[in-house]
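Take a look at the structure set out below.
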Amino acid sequence: MNNVTFAPVKTDQPSHLMPVFGRQQISFVRGQGSYLYTADGTEYFDALTGIAVCGLGHSHPAVTEAIVDQASTLLHTSNLFEVPWQTAAAQKLAEVSGMEEIFFSNSGAESNEGAIKIARKFGHLQGISNPKIIVADHSFHGRTMATLSATGNKKVQDGFGPLVEGFIRVPFGDIEAIEEAAINHPDIVAILVEPIQGEGGVNTAPQGFSYLEDIRQICNQHNWLMMLDEVQTGNGRTGKYFAYQHTNIIPDVMTTAKGLGNGFPIGAVMTQGRGVGVLTAGNHGSTYSGTPLGSRVVYTVIDTIQKDNLVENAANMGTYIVEQFKQQLDGQNVTVRGFGLMIGLELPKPCAQLVDVARDEYKLILNVTAGSVIRLLPALNIDKAQADQLIERIVKMVKAFLA
Ligand SMILES: *Cc1c(COP(=O)(O)O)cnc(C)c1O
């Protein structure tokens, strides 16, 4: 195999990794486009892309070139100086996001931390000393203290109390619960939701995207910040550059990460409208915020998504895949949900074991979330032949599983 340097693992010694991940007993040594390869050369179709991270596929030449060239030029200076690649990346991201101010972070959770800080400062600027943020059931916002407190999943929170205060939880999709909270809590300053819940099972609110439009109206009415977590749904994934673009509204604060760096760890918190101007000099920062290397990767990822029309491709391929699933799995009691290339197949029974079945029997990497939802997040640049390959393997597997 070409160009693979194997890690010097000492197999006669114990692993020293903190055992926080439930890992599958397989490792990949190389990736190319939509495919991953083990050391013996076995090829796997990657329909997960590191959980919506490698949107351009593995080893994309433009990203590789950007990393290699920048690594041999300048990795890091500091935000004590102007960083031209950071400025350029922010210009690109503003163009595709419709947002005005951008702060680069290093992960999704960190981007959401930034959003939470913006909401709190927004409250303090109005004399609200104990500002509260509305969040939803079944949400996922990250693993830091504030973001796990905002997350609507007990498993993420258990063992880590006391949680960060200042979050009010409502059922996802329940507008009345938000209106009720507005009456009971005069100190609410923001609502934070995912446009489509990823970890929660690839779900919009039951009423669809009109939920976001209703939230926008409520936020306008009460002078709250509308904040969207687009860590997973952003960067072309759902067939729009950002999922909020399926609606005719725009949030005040938006976060993203995952597909923003195609595997390079970088995220962003962005503002427009009443979110602008809240954070000022000295309010926020990070040593690694928008390094020359990370910023150049962001610039290159966005440039590639634009030049190769990948948002359009995600929309078209997504529509095709979902139609095929609906036809070919007709009568199987499977609910197919798709937004571009963020696709969920809800099965009539728990199906966590399909992760192993897909990998071992169908050479297909996927994920099962919320117990019974097969989640597919393939690369945005898959072609029709690859879509057909994915469809064929999934249909076979699901039919066998439900037979
Ligand atoms: C993955 C994810 C996060 C957390 O991102 P990290 O980079 O793992 O910190 C937050 N919100 C959503 C919606 C996510 O999917």
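Which of the residues belonging to the stretch 373-392 are touching a residue at least 40 places away in the same chain (Cβ under 8 Å) and touching a strand residue (DSSP E or B) at 6+ places or on another chain (Cβ under 8 Å)? Hits for the stretch 373-392 are Val373, Arg375, Leu376, Leu377, Pro378, Ala379, Asn381, Gln386, Gln389, Leu390.
Can you tell me which residue within the stretch 116-157, out of those that are farther than 24 Å from Gly173 by Cβ and of a type in the set (Lys, Arg), is nearest to the ligand (Cβ to nearest atom)? Only one residue fits best here, namely Arg143. In the stretch 89-115, the residue that is nearest to the ligand (Cβ to nearest atom) out of those that are farther than 15 Å from Met226 by Cα and aliphatic (A, V, I, L, M) is Ala109. Within the stretch 184-197, one or more residues are charged (D, E, K, R), modelled with pLDDT of 95 or more and more than 16 Å from the ligand (Cβ to nearest atom).
Per-residue answers, yes or no, for (1) hydrophobic (A, V, I, L, M, F, W, C); (2) touching a residue at least 40 places away in the same chain (Cβ under 8 Å):
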position: Pro14; (1), (2): no, no
position: Val20; (1), (2): yes, no
position: Gln25; (1), (2): no, no
position: Gly33; (1), (2): no, yes
position: Thr38; (1), (2): no, no
position: Cys54; (1), (2): yes, yes
position: Ser59; (1), (2): no, no
position: Ala71; (1), (2): yes, yes
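When residues in the stretch 262-287 are screened for being buried (at least 24 other Cβ atoms within 10 Å of the Cβ) and within 16 Å of the ligand (Cβ to nearest atom), 6 of them pass.
Looking only at the stretch 145-191, residues that are in contact with a strand residue (DSSP E or B) (Cβ under 8 Å, 6 or more places away or on another chain), of a type in the set (D, E, K, R) and within 16 Å of His222 (Cα to Cα) come to 1 in all.
The numbered conditions (1) out of contact with any strand residue (DSSP E or B) (no Cβ under 8 Å at 6 or more places or on another chain); (2) under 22 Å from Gly285 (Cβ atoms) are all true for Gln86 except (1).
Select from the stretch 168-219 the residues that are touching a Gly at 6+ places or on another chain (Cβ under 7 Å) and more than 25 Å from Ser111 (Cα to Cα) and write down the one among them that is surrounded by the fewest Cβ atoms within 10 Å (Cβ to Cβ). Among those residues, the one meeting the criterion is Pro206. Tell me, yes or no, whether the stretch 122-144 has at least one residue that is in contact with a strand residue (DSSP E or B) (Cβ under 9 Å, 6 or more places away or on another chain) and of a type in the set (Phe, Trp, Tyr). Yes: one or more hits. For the criterion of being in contact (Cβ under 8 Å) with a residue 40 or more places away in the chain and over 22 Å from Gly275 (Cβ atoms), Gly152 passes. Could you tell me whether the stretch 232-250 includes any residue that is more than 14 Å from the ligand (Cβ to nearest atom), more than 30 Å from Gln389 (Cα to Cα) and touching a residue at least 60 places away in the same chain (Cβ under 8 Å)? Yes: the stretch 232-250 contains one or more residues that are more than 14 Å from the ligand (Cβ to nearest atom), more than 30 Å from Gln389 (Cα to Cα) and touching a residue at least 60 places away in the same chain (Cβ under 8 Å).
The values are calculated or read from the model by the stated rules, or taken from the named source; none is laboratory data. Model, not experiment: these values are computed from the prediction. Here the Cβ is made from the backbone with ideal geometry for all residues, glycine too, and neighbour counts use every protein chain on show.
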